[in-house]
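The values are calculated or read from the model by the stated rules, or taken from the named source; none is laboratory data. From a predicted model like this one, the values you see are computed outputs, not experimental measurements. Cβ: placed from backbone, ideal geometry, glycine included. Neighbour counts: every protein chain shown.
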Amino acid sequence: MPPRDPKVLVSEVSVTFESHGRSVVALDRISLQAQAGEFLCIVGPSGSGKSTLLRVLAGLVRQSAGEVRIQADHPGTPLTAMVFQEHALLPWRTVRDNVTFGLENRGIGRAAQETRAREMLAMVGLARFARHYPHQLSGGMKQRVGIARALANDPEVLLMDEPLAALDAQTRTIMQEELLRIWATLGKTVVYVTHSLEEALLLGDRVVLLTARPGRVSEVYPVDLGRPRGLEVRASPAYGALLEKIWSRLREEVVRAIADDRGSEEIGA
Ligand SMILES: Nc1ncnc2c1ncn2[C@@H]1O[C@H](COP(=O)(O)OP(=O)(O)OP(=O)(O)O)[C@@H](O)[C@H]1O
Ligand SMILES: [Mg+2]
């Protein structure tokens with residue numbers, strides 16, 4: 001079989017922001033790919049351009065140079081949907097109406113919206129909370145609504161920017177398991193930003209490590225830990241070795257990012 005085109009293709013993408021009369025190079029000639037159905041994790045120090053990369057993929061930020069291509073296999077469905085670190089739900093809408101928000105905007109009929117919302121809320125374990133409002137939910141539940149909302153749109157690619165970072169450790173662990181289950185069920189292509197290497201190794205097929213600003217691709221690590229993967233993977237020597245290997249490289253970038261931030265403070269930026 002000939003190799004398939006990648007689902008996500010990022011080729012030599014650079015992003016420069018202008019702010020306060022200065023240029024900030026957030027991304028510098030980033031190239032990467034994700035295959036259809038792949039779970040691709042992005043790690044890197046704060047300021048390395050992880051969120052910027054997702055925003056470029058979502059079409060929210062325009063790259064200054066380079067090319068982004070997302071393979072559209074299902075005409076009429078959106079290319080991407082984003083899950084943010086903070087759930088970003090609409091407080092005046094019920095859980096159900098938050099989930100159908102994108103469908104409404106696309107003019108999907110009410111009956112189809114209803115069915116879709118029911119399916120997605122069942123998938124994230126919130127079937128009984130359809131009529132609740134966001135303020136009546138815990139942080140973990142709100143984050144599930146955010147995930148249900150993104151999935152309801154049936155995007156070609158799911159973009160997740162530290163979606164579990166604000167949760168307590170126990171809820172995060174449960175949500176990681178749920179995410180793996182949902183991903184295995186739906187077979188979506190996922191681009192997932194996280195600060196946690198442990199999370200990247202639990203979830204990802206590959207881990208892309210970005211350098212301190214300006215963000216460049218430092219390394220791409222395949223995660224050869226088998227599937228289905230659960231928390232028990234942490235006990236395997238292969239997991240420990242890979243964690244150690246990625247951390248030793250990431251650590252250098254984190255140190256560099258901190259030194260860089262201190263330097264720019266000193267010159268009064
Ligand atoms: N709209 C913007 N205008 C100006 N500068 C920006 C803008 N968005 C991001 N930046 C800058 O681009 C760089 C990368 O930011 P980005 O938010 O992508 O990093 P990140 O890797 O997601 O960081 P974190 O891990 O802290 O979330 C930073 O230096 C940031 O200050
Ligand atoms: Mg970010």
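Assorted remarks:
- Selection of region 59-74 for residues being farther than 20 Å from P155 by Cα and either β-branched (V, I, T) or modelled with pLDDT under 95 (or both) yields an empty set.
- Selection status of V43, at pLDDT 95 or above and assigned by TED's automatic domain parsing to the domain that holds L209: yes
- Residue match in region 63-79 (condition: closer than 28 Å to L137 by Cβ, surrounded by fewer than 19 Cβ atoms within 10 Å (Cβ to Cβ) and of a type in the set (S, T, N, Q)): yes
- Inside region 214-246, residues that are outside any strand (DSSP E or B) and either surrounded by 15 or more Cβ atoms within 10 Å (Cβ to Cβ) or in contact (Cβ under 8 Å) with a residue 60 or more places away in the chain (or both) make up a count of 10.
- Residue check, V15 surrounded by fewer than 24 Cβ atoms within 10 Å (Cβ to Cβ), within 16 Å of ligand 1 (Cβ to nearest atom), in contact (Cβ under 8 Å) with a residue 60 or more places away in the chain and closer than 12 Å to S64 by Cα: no
- Against the test of being at pLDDT below 95, within 15 Å of ligand 2 (Cβ to nearest atom) and not assigned by TED's automatic domain parsing to the domain that holds E119, the options V24, V15, V56 yield a single qualifying residue, V24.
- Selected residue (only one of V83, V61 is within 16 Å of ligand 2 (Cβ to nearest atom) and more than 15 Å from the chain's Cα centre (by Cα)): V61
- Some residue of region 212-219 being away from ligand 2 (no atom under 16 Å from the Cβ) and over 14 Å from S48 (Cβ atoms): no
- Number of the exception - E253 against (1) in the same structural domain as V25 (by TED's automatic domain parsing); (2) in contact (Cβ under 8 Å) with a residue 24 or more places away in the chain: (1)
- From the options L180, L203, L167, residue that is of a type in the set (A, V, I, L, M), in the same structural domain as V220 (by TED's automatic domain parsing), free of Cβ contacts under 8 Å to residues at least 40 places away in the same chain and out of contact with any His (no Cβ under 6 Å at 6 or more places or on another chain): L167
- Here L250, L242, L231 are screened, and the one residue that is farther than 21 Å from L158 by Cβ, within 13 Å of ligand 1 (Cβ to nearest atom) and among the aliphatic types (A, V, I, L, M) is L250.
- When region 37-58 is limited to residues that are under 17 Å from Q71 (Cβ atoms) and outside any strand (DSSP E or B), the one that is farthest from ligand 1 (Cβ to nearest atom) turns out to be G37.
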